[in-house]
Amino acid sequence: MTSQRTSIHGQWSSRWIFLLAATGSAVGLGNIWKFPYVAGENGGGAFVLIYIICIVLMGVPIMMGEIMLGRRGRQSPINTMRTIAIEEDKSPRWQYLGWLGVIAGFLIMSYYSVIAGWTLAYIFRTGAGMFAEATAENVEGLFNQLVNDPERLLAWHTLFMVITTVVVSRGVKSGLEQAVRFLMPALFVLLLVLVGYAISTGEYFNQGLRFMFEPNFDQLTANGVLAAMGQAFFSLSLGMGAIMVYGSYLNRQTSIAWAALSISFADTLVAMLAGLAIFPLVFANGLTPDQSVGLVFKTLPLAFGHMPGGSFFGALFFLLLAFAAWTSAISLIEPAVAYLVENLGMSRVKASAWIGSMVWLLGIGSLLSFNHWSDATLFGMTFFGLVDYLTSNIMLPLGGLFIAVFSGWVLWRSSSVEEFDMGDGLGYRLWLILVRFVAPFAVIIIFLHAIGALN
Ligand code: PHE
């Protein structure tokens, strides 16, 4: 019986810890660094609206599917998918879905660590008072100075990879439980402080609000819609098995629907607050929203440079952001590590060291694409751009599509009813309609639209 299966990697000590860990996975650079800049590049309001629709119609139901499959399979995503497929008399080839996820996590982590390295650098930069009374030009100059220095970037990237790998090698539970319990709420409070600062810019705050929430569909291209969907998957850590692997350490008493709703809500709230903190600063300082990967690093230091106690709050903010990145990073490589432990019988330490070194190496490609290789492009994208596009906009939605199809069509209804433990009433039916029809078709239509097949 599936309900007797236990994970060889251990179990969360309580359902709160699962909630915290999964929220820790979801909330990260995706909310604070990526969401604002991708929204900024895609014209604001209409992008944000599509993003929220994707969270509700695809994100929440697919997250429920992932947690359910993880808890049922209790192994790395690859083995979970294989085991469940066989149990349901379906093709073991479903394990390739697990592979897709492991590879996506691996690729994402390679650049994620580079950007997390920037936040590490900014702890010291803000702490040292580098931005006191700075102008927009000063702040931009300092950002460019950092990204144009590959050696410094390499040092930070290496440090971040080491920290992450060490924790993963000790087993996810012990390190994570403490970190998320206190640090995530603290980050949230600091974000509120930053939004408070943004409100003090008066008219500019309203301009930021309008930019984020007044949909102007002329600004949105098919690729922008694809980016909004990709961002929804990325931000919720969906479509690659991160949430699945965390679900595999979950006990049977937790309500999956409730968990998916609260994680998605918290994640979206943090992204919105980040936008509300950042866009007013963009307008107040005569910048434009399309600052690409540098947006956060070119705006928030302006706030810290001008508010009382700014160096302290700035250093604390970037420290907490680095923590948030770290709790996400762990979940990016955990599926791969769990797989090596299960299938090659490696120790956790050895498996983490292997994965960590390979990701580190690949990350150097992204690191160089911000400086020496910035002119080397393929399809108009740098190495970083390409890895990001491939993972967020293609691999994660594709993974999510198959997770939806698997949990809605392939898995026997009796299995999902049993696993959710909420009967087969209205809530269950709604979920079933979303994973069977709405989510898969939405992904396919957005894909087709983006490659121009529907125009
Ligand atoms: N959701 C994380 C963030 O927003 C990134 C992530 C993506 C983590 C996919 C795990 C899996 O920063």
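Key figures
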item	result
Selected residue (criterion: nearest to the ligand (Cβ to nearest atom)) from residues of region 224-246 that are assigned to a helix (DSSP H, G or I) and open to solvent by 10 Å² or more (accessible area, probe 1.4 Å)	Phe234
Among (1) out of contact with any Phe, Trp or Tyr (no Cβ under 9 Å at 6 or more places or on another chain); (2) part of a loop (DSSP other than H, G, I, E, B) - the single one Val349 does not satisfy	(2)
Cβ-Cβ under 6 Å pairs, at least 6 apart or on other chains, region 226-249 side under 16 Å from Ile333 (Cβ atoms), far side open to solvent by 10 Å² or more (accessible area, probe 1.4 Å) and within 8 Å of the ligand (Cβ to nearest atom)	Ile243/Ser237
Complete set of residues in region 250-269 that are free of Cβ contacts under 8 Å to residues at least 24 places away in the same chain and either touching a His at 6+ places or on another chain (Cβ under 8 Å) or of a type in the set (Ser, Thr, Tyr) (or both)	none
Helices (runs of 4 or more DSSP H) wholly inside region 380-455 containing at least 2 residues that are more than 22 Å from the chain's Cα centre (by Cα) and either at pLDDT 95 or above or of a type outside the set (D, E, K, R) (or both)	413-420, 426-433, 439-450
Only listed residue being in contact (Cβ under 8 Å) with a residue 60 or more places away in the chain, within 16 Å of the ligand (Cβ to nearest atom), among the β-branched types (Val, Ile, Thr) and outside any loop (DSSP other than H, G, I, E, B), chosen from Thr164, Thr158	Thr164
Residue satisfying all of: in region 270-289; buried (at least 24 other Cβ atoms within 10 Å of the Cβ) and more than 21 Å from the chain's Cα centre (by Cα); nearest to Asn206 (Cα to Cα) among these	Pro280
Scope region 290-319; condition within 24 Å of the chain's Cα centre (by Cα) and open to solvent by less than 10 Å² (accessible area, probe 1.4 Å); matching residues	Gly294, Leu295, Val296, Phe297, Thr299, Leu300, Pro301, Gly314, Phe317, Phe318
Checklist (1) in a helix (DSSP H, G or I); (2) within 16 Å of the ligand (Cβ to nearest atom); (3) modelled with pLDDT of 95 or more applied to Gly196, failing item	(2)
Residue count for region 387-415, restricted to those that are more than 19 Å from Ala242 (Cβ to Cβ) and buried (at least 22 other Cβ atoms within 10 Å of the Cβ)	2
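The values are calculated or read from the model by the stated rules, or taken from the named source; none is laboratory data. As the structure is a computational prediction, the values presented were derived from the model and not from experiment. Here the Cβ is made from the backbone with ideal geometry for all residues, glycine too, and neighbour counts use every protein chain on show. Accessible surface areas use protein heavy atoms only, side chains included; no ligands, DNA or RNA. Shrake-Rupley method; radii C 1.70, N 1.55, O 1.52, S 1.80 Å.
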